[in-house]
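Single-structure report; data block below.
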Amino acid sequence: MPRRFRLAFSATALALAACQPAAPGDTPENRAQAPAAGAAVAPVIADAWVRLSPVAGRPAAAYFTVRGGDAADRLIGVESAKVGRIELHEGGMKDGMMTMRAIDGVDVPADGEASFAPGGNHAMLFDVAADVGPGGELPLTFRFASGKSVEAMARTQAAGDAAPGGHDGH
């Protein structure tokens, strides 16, 4: 095939492809984030936020939603370079009293959710760096039993601020 014809054919094919309508949600950003064909889909962290303590040196609490990937997994820990220690906690009510106990993880169903919200499961953040204040962000790394890890930024709020999304206080 003569070179001039190949170039003309290529330019025509590109022009036709550019005129094709995009699929709903097909944006450059989504294509860049889409996993390669056959690649495992990792869990996603959504709506992460931290309620800071009103007293310096006291623990803060982190809340978030874990959306499961294509396989069931188990959240086994959360880490941050700005926090000395983070524990997963189960919260609830017993005999009219708020209860809380440390847990070793939370199951995340495939294509399901695990919620960490005020009054329920949450992460306790001990020894938060002094430079972490309200109105900022705190980097968190979520570790899973599968070996996957997911990084997310959590918004930081003062103890008295209203929780995002209408959640009650912790």
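The values are calculated or read from the model by the stated rules, or taken from the named source; none is laboratory data. Just so you know, these numbers come straight off a predicted model, no measurement behind them. Every residue, glycine as well, gets a Cβ built from its backbone with ideal geometry; the counts of neighbours run over all protein chains shown.
A few comments on the model shown:
- Residue within segment 139-158 that is modelled with pLDDT of 95 or more, assigned to a strand (DSSP E or B), on the phi > 0 side of the Ramachandran plot and surrounded by fewer than 18 Cβ atoms within 10 Å (Cβ to Cβ) present: no
- Inside segment 19-66, residues that are at pLDDT 85 or above and either in a loop (DSSP other than H, G, I, E, B) or surrounded by 14 or more Cβ atoms within 10 Å (Cβ to Cβ) (or both) make up a count of 25.
- Residue in segment 125-136 that is surrounded by fewer than 17 Cβ atoms within 10 Å (Cβ to Cβ), among the β-branched types (Val, Ile, Thr), in the same structural domain as residue 68 (by TED's automatic domain parsing) and in contact with a strand residue (DSSP E or B) (Cβ under 9 Å, 6 or more places away or on another chain) present: no
- Inclusion of residue 112 among residues that are surrounded by fewer than 17 Cβ atoms within 10 Å (Cβ to Cβ), under 15 Å from the mean Cα position of the chain (by Cα) and either more than 28 Å from residue 40 (Cα to Cα) or at pLDDT 95 or above (or both) is warranted.
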